[in-house]
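The block underneath contains the structure these notes are about, expressed in structure tokens.
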Amino acid sequence: MNALVALGPLRSPARAVRRFDKPAHYKRPTRRINSGTFSPPQGSLVWSPRSLPKGIRMPSTLPTLPMHAPVERELSLRAVITGTVLGILLTPSNVYAGLKIGWSFNMSIIALLVGYAIWQGLSKRSSGQLPWTLHESNINQTVASAAASIISGGLVAPIPAYTLLTGNQLDALPMIAWVFSVSFLGIWIAWYLRPSLLNDNALKFPEGMATLETLLHIYNHGREAATRLKVLLSAAVLSGSVKWVDTFIWAFPRWSPSASWERLTFTADPSLLLVGFGGIIGIRVGLTLLLGALLAWGGLAPWLLAQGLVTLPADSSGPQFAALVEWLLWPGVSLMVCSTLASLAIRLCALHRSTQADGGTPWRIPKPGPAAGFALSIVLVVGLQALLFGINLWMALLTIPLAICLAAVAARVVGATGIPPIGAIGQLSQLSFGIVAPGQVPINLMSANTAGGSAGQCTDLMNDFKVGKAIGATPHKQVIAQILGIFVGSIVGVFAYLALIPDPQSMLLTEEWPAPAVATWKAVAQTLTLGLDSLSTSIRWAIVIGGLFGVLLGVLDSTLAAHRARYLPSAAALGLAFVLPASVSLMMALGAVLTWLVSCRWPSITERFAITAAAGLIAGESITGVGASLWAMVGNG
């Protein structure tokens, strides 16, 4: 038997599902999805009406079949191996992009497309034996996305910021252990949040629903999945080839209108990764980056030079990013932090009111397995803080309840908006420990690392739980897949980081590696530990002005109606443009404008292929960039 079906009226899945043998004449029932049909994959569970996403209807009747159906394959060896291999390939992409522009890309959809194309193709060649099931696809994307999201464990923000401020560089094995431990904590926080958050009708988890829509779509339209995979691979080959030629054969010229504009970082950057990110972020964020680049590097930077607030060497030539960003990062960071915190506060108030209206979820006694995992994660995080960073044991213990509270906050925000506020969570923790333990850089950064890392994995797993609930997946198997993913991601991510940035002191906060997230965390830690008196008067005024403007934008963005808020500049993008070279903002704006123009002319093609092509551009260049760094290490060794 290939399916589990319900007898009589539909009740809860646990009471309504029976196992049967499939008769020779039996054909699997189809489900209607909008204009198409969807056949549940071989061995799939019957979904209850409550678990199905909007637009999917159950059939009015189901056939009665004999007993003994095999349960659908879920946590299979091939699903885990596929997710692991994809995680190994995709994790360096997010590390590379995070150090370049401070953003990362969710790899769930790429994992779904690649896994389906490989295994469904092999299944057809073997006369339909062992088809790639819906649940195996879900496990595959869970492992791969968990690995790729490992950068929230600190690899592109607090860990390099710690090195820049203290001069201490963690070795590979301690860094792997630390990144894994904070991510491991986030998994168990998500486990205990799962019952209450998934049953809250106000929390839609948009990112999880997008993954679910893609998952159901590729099983409904197999040819479409194959076409999208071809687009993905073609874009990756194009982007990787451009990067390879630029690195090894002939460096493309970085054209600029004049030498003075070049000093202000207004150059043409031949990076298709930036164009790809521009296609993903949309026209609003893209134009805001352009506006921010013109304000910061085209307006404020020349004024700073004219007033003598920033001085350049007399014989300087080429882009002078490092000298100018030491001043410009302060108003940019202040704008980003204040806008994010203001927006977060307003959203939390709204979520609190909706939670009170819906009522709470009764407390359940923890099961021994998850409780043991949760306890182990706490021991790992606290012990490694004391062992690796010399943090007082009581201070290390204090980071745990704060991390749990802030991860819960992040999970609710992601459920409502789809946007993980990892930066805001980290900075809230920095502010908290700036009061509790003033002047201590390790506890300031590592408490924030604990909160941000656990929040990152918590939100990633909550999106996976949302998908799993809709398709009848087993939660504890998803947790196992997530743990395997962070284990792989910790190893691959750390070695990718060390290959790309062997010397953080000289390589970071430069035009090649702007690392805006590192600049933000470093600036907040420096301000809280050394005090505002350590900064010049002009920088202090810039912080105040940037903060006020950030609060204004954050409040307006959270309170205005959506059709009006879309005309506001994005506060995060505006502040980010102060920390990135103008060349980066220009190329991302170009990608956003090109995608918008194509969407105006061919909306259906853009909807089907724009994100896929953009993801290919990102993956191709970043994987080639990591490979080039590894090649350089081998050559120098």
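The numbers here are math on the coordinates, done by the rules we state, and not lab data. Note that this is a predicted model, so its numbers are computed, not measured. Positions of Cβ are backbone-derived with ideal geometry, glycine not excepted, and every protein chain shown enters the neighbour counts.
At a glance:
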read-out: Ordering of 104-110, 472-478 by packing [mean C-beta count within 10 Å, highest first]; value: 104-110, 472-478
read-out: Three-way shape call for segment 501-612 based on the alpha-carbon gyration tensor, with the a/c threshold at 1.5; value: oblate
read-out: FRET efficiency, residue 123 to residue 244 (Cβ-Cβ, R0 22 Å, nearest 0.05); value: 0.05
read-out: Overall form of segment 207-291 per C-alpha gyration tensor (a/c, 1.5; a/b vs b/c); value: oblate
read-out: Built amide H within the under 5 Å cut-off of residue 267, gap 5+; value: 583
read-out: Förster-model FRET efficiency, 51 Å R0, residue 393 and residue 506, C-beta, rounded to 0.05; value: 0.90
read-out: Neighbour-count order for 273, 461, fewest beta carbons within 10 angstrom listed first; value: 273, 461
read-out: Per-residue HN-Hα couplings for segment 100-107 [Karplus 6.51, -1.76, 1.60; θ = phi - 60°; Hz; x = Gly/Pro]; value: 7, 10, x, 10, 9, 10, 6, 9
read-out: Backbone N under 14 Å from the residue 537 label point (7 Å along Cα→Cβ), restricted to segment 320-335; value: none
read-out: Fewest-first sequence of 567, 219, 192 by Cβ atoms within 10 Å of each Cβ; value: 567, 192, 219
read-out: Under Karplus coefficients 6.51, -1.76 and 1.60, residue-wise ³J(HN,Hα) of segment 148-154 in Hz, glycine/proline x; value: 5, 7, 5, 4, 5, x, x
read-out: Whole-Hz ³J(HN,Hα) from phi, Karplus 6.51 cos²θ - 1.76 cosθ + 1.60, for segment 211-222, glycine and proline x; value: 5, 4, 4, 5, 4, 5, 5, 6, 7, 8, 10, x
read-out: Residue order, fewest to most surrounding Cβ atoms within 10 angstrom, among 435, 486, 539; value: 435, 539, 486
read-out: Residue 252-residue 631 FRET efficiency (beta carbon distance; Förster radius 22 Å; 0.05 resolution); value: 0.70
